[in-house]
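A.B. asks: Quick one: the structure is below, questions incoming.
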Amino acid sequence: ANVDNVVRCMRSGALDYLQKPVEDAHRVRNSVRRAIERRRLLDRTQQLERALADQEVAPLLIGQSEAMRGVVRTLESLRQNESTVLVRGESGTGKELVAAALHLNSPRSGGAFVPVDCGALPESIIDSELFGHEKGAFTGAVGARGLFRMAEGGTLFLDEIGELPSTTQARLLRALQEREVRPVGSARSVPVDLRIVAATHRDLAAMVRDGTFRQDLYFRLDVVQIELPPLRDRREDIPLLADHFRRKHRRPGGRLLGFEADALDPLLAHDWPGNVRELENAIESAIALCTREQLCAADFALGNERAARRSVLPPDLPLSLAAYERCVIERALAESSGDATRAAAKLGIGRSTFYRKLAKHGLSGRAVAAGGVQASAGGRAAIR
């Protein structure tokens, strides 16, 4: 027992130091108890960190389809990897969300995530925006670091990489190869330490064959490729996404509890050319106009149906609320094949209320469904 031994043991990771012969059994018990408790806390902390890491692999991605599970598996495999990634997919599929997930689950998560839309940058200033410029490099130039240096230590997300002009493609290739950039107007290069994630909705391989995209840059970007499926190919994810957007866009203090039984039918049947972005817009629009506690199928106007709804009322319909109400009821019945329950749901009213309105206007559901309603010259509807 001496000070040097104590210091050496504690520096080597010992929790305590007991001098022989050990005569105090109480101290032994306390020392062992503290060691056991410390080990238990460390084990628990590691378990929680692993569980949290599993949940954060793709914190911004929603979906249980096989296609999306494949994307998440790829993200998991890249957790400790800093390779350049190329994300492909149609507009609105969530390419920036994937790039953000890659950044959050990488060793560079403590750095900045800098997104840039290459297609939105004017060609005359794109080099200056990406690589920076020196004071006086051009008229009015006051000096700027550029997006590459803003992402130092983090991730630079180059969205719509296929829109870059050929001259900028050459400078980008050099920046990726040499890990340095030369600001506009400068005679020297500046080293940069960052990760590149690029994205495009275009077929870069075809652009290479056409000569509109550099082959060497394509190979440099396409180290790891992630293909995002369009929403029409993963329809099983639509209910999850719809509910997520419902919660995201519900009005503060408002009561919007969910969807009626048939509310998702038009969403599941739509082809979604705008993908997830279009779905979010549809949900947000429906919430903005909904006055009930639940969204129904009638709240969604999708694609060509928007134009159809604008022209559903006869142009010569009299300026009368009753005439408009009757016309809307007829349309709901026709679209529901005469089923009053479904027609009431489309209109967002109860079935008993719907029957009262039928009686008020002298309508018969089955007659309307059979096509027995036609508008007269005066704009009033009649049953054959």
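A.B. asks: Residues being touching a Gly at 6+ places or on another chain (Cβ under 6 Å) and of a type in the set (A, V, I, L, M, F, W, C): count how many of those fall in segment 67-112.
C.D. replies: Total meeting the criteria: 1.
A.B. asks: Any chance you could count how many residues in segment 134-156 are at negative phi, within 29 Å of the chain's Cα centre (by Cα) and in contact (Cβ under 8 Å) with a residue 40 or more places away in the chain?
C.D. replies: The qualifying residues number 7.
A.B. asks: Looking at segment 331-353, which of the residues that are over 39 Å from the mean Cα position of the chain (by Cα) and part of a helix (DSSP H, G or I) is surrounded by the most Cβ atoms within 10 Å (Cβ to Cβ)?
C.D. replies: Among residues in segment 331-353 that are over 39 Å from the mean Cα position of the chain (by Cα) and part of a helix (DSSP H, G or I), the one surrounded by the most Cβ atoms within 10 Å (Cβ to Cβ) is THR353.
A.B. asks: So which of ALA263, ALA343, ALA332, ALA323 ends up being touching a Leu at 6+ places or on another chain (Cβ under 6 Å), at pLDDT below 80 and aliphatic (A, V, I, L, M)?
C.D. replies: Going through ALA263, ALA343, ALA332, ALA323 in turn, just one is touching a Leu at 6+ places or on another chain (Cβ under 6 Å), at pLDDT below 80 and aliphatic (A, V, I, L, M): ALA323.
Every residue, every condition in (1) modelled with pLDDT under 90; (2) closer than 30 Å to ARG188 by Cβ; (3) more than 20 Å from the chain's Cα centre (by Cα); (4) of a type in the set (S, T, N, Q), yes or no:
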site	(1), (2), (3), (4)
GLY70	no, no, no, no
ASN81	yes, no, yes, yes
VAL87	no, no, no, no
ASN105	yes, no, no, yes
PRO122	yes, yes, yes, no
GLY132	yes, yes, yes, no
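A.B. asks: Just a yes or no: is a residue in segment 363-378 among the charged types (D, E, K, R), open to solvent by 70 Å² or more (accessible area, probe 1.4 Å), at pLDDT 80 or above and in a helix (DSSP H, G or I)?
C.D. replies: Within segment 363-378, not a single residue is among the charged types (D, E, K, R), open to solvent by 70 Å² or more (accessible area, probe 1.4 Å), at pLDDT 80 or above and in a helix (DSSP H, G or I).
A.B. asks: If you don't mind, there's one more thing I want to ask. For segment 65-159, which fully contained helices (runs of 4 or more DSSP H) count at least 2 residues that are open to solvent by 50 Å² or more (accessible area, probe 1.4 Å) and of a type in the set (A, V, I, L, M)? Walk me through it before giving the result.
C.D. replies: Working: elements: 66-77, 95-104, 126-131, 147-150.
Per the criteria, 95-104.
A.B. asks: Name the pairs: first residue in segment 15-31 and surrounded by 11 or more Cβ atoms within 10 Å (Cβ to Cβ), second residue of a type in the set (Gly, Ala, Ser) and in a helix (DSSP H, G or I), Cβ to Cβ under 6 Å, at least 6 apart or on different chains?
C.D. replies: Listed by first residue and then by second, the contacts come to LEU15/ALA35; ASP16/SER31.
The values are calculated or read from the model by the stated rules, or taken from the named source; none is laboratory data. Source: prediction; values computed, not measured. When we count neighbours, we look across all protein chains shown, and the Cβ atoms used for this are built from the backbone with ideal geometry, even at glycine. Each accessible area value is taken on the protein alone, full model and side chains, heavy atoms only, with ligands, DNA and RNA left out. Shrake-Rupley method; radii C 1.70, N 1.55, O 1.52, S 1.80 Å.
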